[in-house]
Amino acid sequence: MTTAELNKISAQLLAEGKLGDLLKSLYPKAAPVTIGREGPIGPFFRRPMFFPEVGSTMMGHAHNFDHMSVVLSGLVLVRYVDVGADNKPLKGVEFKEDVFGGKKKAYEIFIAAGKWHQFVALEPDTEIKCYFPHRSFDGEIIADYNGNLHAYS
């Protein structure tokens, strides 16, 4: 199979929202993602994620708030879908997939509130940081960090 043929198949799977499933079947034992908490920086909280291998996957989840993820190095597949009241992917709804990263220094990914999302590394040593505004214990955006780690989970 030529590179062009492989790229065509990959593009078709991506368009159909099925590239993530293929990656999971090809790399079932990929090293886990390291997720940290770097804590507050100005009006934001940041969470670093390191993907050591192709296929390393950050398990899917959703938040009740918008946030920004930045691909600092590597290449990542982002799978996303709307969620229901139980904060789980809606049944019967097709996943959307996009690829971010590559030669550019950093790629910004906007993740809307209520979107179940998952990251899968397409290159080894992929690094992402997520940025969240500080939130009060009532869920309101605030200027300064108040110790409320639950708001960032």
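Output the residue which, of all residues in region 99-153 that are surrounded by 17 or more Cβ atoms within 10 Å (Cβ to Cβ) and in a loop (DSSP other than H, G, I, E, B), is modelled with the highest pLDDT.
L122
Within region 24-37, track down each residue that is touching a residue at least 40 places away in the same chain (Cβ under 8 Å) and surrounded by fewer than 19 Cβ atoms within 10 Å (Cβ to Cβ). Walk me through how you get there before you give the answer.
Step one: of region 24-37, the residues touching a residue at least 40 places away in the same chain (Cβ under 8 Å) are 24, 30, 33, 37.
Of everything in region 24-37, those that are touching a residue at least 40 places away in the same chain (Cβ under 8 Å) and surrounded by fewer than 19 Cβ atoms within 10 Å (Cβ to Cβ) turn out to be K24, R37.
Looking at (1) part of a strand (DSSP E or B); (2) modelled with pLDDT under 85, find the lone condition where L22 falls short.
Result: L22 fails condition (1) only.
The values are calculated or read from the model by the stated rules, or taken from the named source; none is laboratory data. This structure is a prediction, so every number in the text was calculated from the model and none was measured. Note: ideal-geometry Cβ built from the backbone for every residue, glycine included; neighbour counts use all protein chains shown.
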